[in-house]
Amino acid sequence: MLVRPMTPLALVLAFVVSDARAAQITVNFTGSITSVTVDGVASGLGGIDVGDPFSGFFSYDTDAVLLYSEPQSALYRMSDIVAISMTIDGVPFQGKDTFAALNILNDAVSSESDNSDLFAVQQEINLPSGWSTTSPLGTTAAAALLDVEGAVFNDLSVPNSIALRDFDLGEIGLRLPDLTVPGSDVEFGLVSIKGSINIVPEPSSLAMCGSLLIVGAMVFVFRKNYSERTLRRQVSGH
């Protein structure tokens, strides 16, 4: 049988088709810090205070690997990606470019609605210079978006694109256990930093949302109580 070699045009088309199957999607965001707590008590820390501005991005892979799913929730693994990076009033936090988690909820029950859609990424992060932790679980950051009307997702598959304007609320969160910061020899317990992402929702959706804080509800503990250690075991296969 005669096999004809591929023409340069055919090679280009084949590459384009293959490349379109997976892509890294990046979304930039800005916002301001709404909460800084140490062991649940409000406190400034390391130059970060309520009201401080932040900016950054989150990224996800459209070819993320499904780890777990239930009727209204799916948890995906992403590898070799900086899934989240942000600077809070000049203090940088960046993902470790190893693995990350992507959580998608479709038409799930929330305190605002019976059909909310949720998109959230979480990753272990590098601490700023001079900051350190003794925790074996490491330090994590997350970004989450909530659509209370459930109009963004039709199913639990990873979306090919995403836009802040399609959601009603957005939030970032950092979980920093056993933390030491410059200028202090005290080891803090569990430090939690949260911030609101700048999103302008439709007036009707805004009225439904109230003052919901979404990161605390569904990012650091996923729908089936996945801890960072459990997630590590799933990702590494151990």
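Just so it is clear, none of the values below were taken in a lab; they were calculated from the coordinates. As the structure is a prediction and not an experimental result, all values here were calculated from the model. Here Cβ is always computed from backbone atoms with ideal geometry, including for glycine, and neighbour counts include all displayed protein chains.
General observations
- Note on Ser184 and Phe57: with the Förster distance fixed at 41 Å, the Cβ-Cβ geometry gives a FRET efficiency of about 0.85.
- Around the amide H of Asn115, modelled in the peptide plane, lie the amide H atoms of Ser110, all under 5 Å away and 5 or more residues distant in sequence or on another chain.
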